[in-house]
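A.B. asks: I have a structure here, written as structure tokens, and I will follow up with some questions on it.
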Amino acid sequence: MNFLEERIQKDGIVKEGNVLKVDSFLNHQMDIALFKQMGEEWKKRFADANINKILTIEASGIGIACVVAEFFQVPVVFAKKSKSINIEGEMYIAEVESFTHRCKNQVIVSKAFLGPGDRVLIIDDFLANGCALQGLISIVSQAGASVEGIGIAIEKGFQSGGRVIRNLGYHLESLAIVDAMDAKTGKITFGKQ
């Protein structure tokens, strides 16, 4: 069992509806020491990729992506879920559906921050059905950039997202793959990396 799986076993809470609550260390309260371990691991796994940007989605991925960016020494761009008055100029737009929030959003990235020639590492906290990732991949494609890799903290291996993304040919590295969860017992079973 790796460091992230151990932390999920220790502090994760399984809820009805295939929900894994990790807000005490990953996506509400953030354990920066854990994020550093994650960044170091992804730096090893994507050592051969010539990454010059990290892309994530608002909001849970931002903290993780910022710490990971330190290991790659590159900027972080995050897709916004709503247009604000301070976003100017042309934008890339993709529609994404959130498993957690059970809604669809348009996500936006300014063309000023992503373009042809960028070599992108996508980072996110969870992978369930893959819709958010497909939206981010679409934005990278619209920009004429390339997806050099995808780093996911926790993949729900019993849902189709990981399989879909890997079948599209992307280098996807999940630090923990949950194969099964039982809300009654709280038991979490991890898959092989």
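The values are calculated or read from the model by the stated rules, or taken from the named source; none is laboratory data. Keep in mind that this is a model prediction, so the values were computed, not measured. Neighbour counts run over all protein chains shown; Cβ positions are idealised from the backbone, glycine included. To get the accessible areas, we keep the full protein, side chains included, count just its heavy atoms, and leave off ligands, DNA and RNA. Shrake-Rupley method; radii C 1.70, N 1.55, O 1.52, S 1.80 Å.
A.B. asks: Using a 1.4 Å probe on the protein heavy atoms only, what accessible surface does Met30 show? Give it in Å² to the nearest 10.
C.D. replies: Probe radius 1.4 Å; accessible area of Met30 about 100 Å².
A.B. asks: Still on this structure, I have one more. Can you sort Ser174, Ser141, Ser60 by 1.4 Å-probe accessible area, starting with the largest?
C.D. replies: Sorted by accessible area, descending: Ser141, Ser60, Ser174.
A.B. asks: Using a 1.4 Å probe and ignoring any ligands, DNA or RNA, find the accessible area of Lys187 and quote it in Å² to the nearest 10.
C.D. replies: For Lys187, solvent-accessible area is about 120 Å².
A.B. asks: When the chain is fully extended, how far beyond the present Cα-Cα distance does Ile32 get from Lys44, taking 0.36 nm per residue of separation?
C.D. replies: 2.5 nm
A.B. asks: Under the definition of Cα pairs under 8 Å and six or more residues apart, what whole-number percent is the relative contact order of the chain?
C.D. replies: Dividing the mean separation by the residue count of the chain yields 19 percent.
A.B. asks: At 1.4 Å probe size, with the rest of the protein present, what percent of the exposed accessible area of region 92-171 is carbon and sulfur atoms?
C.D. replies: Within region 92-171, the accessible surface is 48 percent carbon and sulfur.
A.B. asks: Can I ask one more? Please give the Cα centre distance for region 92-161 versus region 1-40, rounded to the nearest Å.
C.D. replies: Region 92-161 and region 1-40 have Cα centres spaced 21 Å from each other.
A.B. asks: Which entries in the list Lys10/Lys36; Lys21/Lys156; Lys104/Lys192; Lys156/Lys187 go over 22 Å, if you measure between the two C-alpha atoms of each?
C.D. replies: Lys104/Lys192
A.B. asks: Determine the share of region 10-63's accessible area contributed by carbon and sulfur atoms, expressed in whole percent, with a 1.4 angstrom probe.
C.D. replies: 47
A.B. asks: Write down, largest first, the equivalent ellipsoid semi-axes of region 41-82 in whole Å, where each equals the square root of 5 times an eigenvalue of the alpha-carbon gyration tensor.
C.D. replies: 20, 10, 8
A.B. asks: When DSSP assigns beta bridges and you keep just the ones with both residues in the chain, what percent turn out antiparallel, to the nearest 5?
C.D. replies: The antiparallel proportion sits near 40 percent.
A.B. asks: Using a Förster distance of 25 Å, how high is the FRET efficiency between Tyr170 and Ala112, based on the Cβ-Cβ distance and rounded to 0.05?
C.D. replies: About 0.50, to the nearest 0.05.
A.B. asks: Additional query: Please turn the phi angles of region 188-193 into ³J(HN,Hα) values with the Karplus equation 6.51 cos²θ - 1.76 cosθ + 1.60 (θ = phi - 60°), one per residue in order, whole Hz, x for glycine and proline.
C.D. replies: 10, 10, 9, x, 7, 6
A.B. asks: Follow-up. Each residue of region 150-164 in order: what ³J(HN,Hα) in whole Hz does its phi give by Karplus 6.51 cos²θ - 1.76 cosθ + 1.60, θ = phi - 60°, with x for Gly and Pro?
C.D. replies: 9, x, 10, 5, 10, 9, 8, x, 7, 10, 7, x, x, 4, 4
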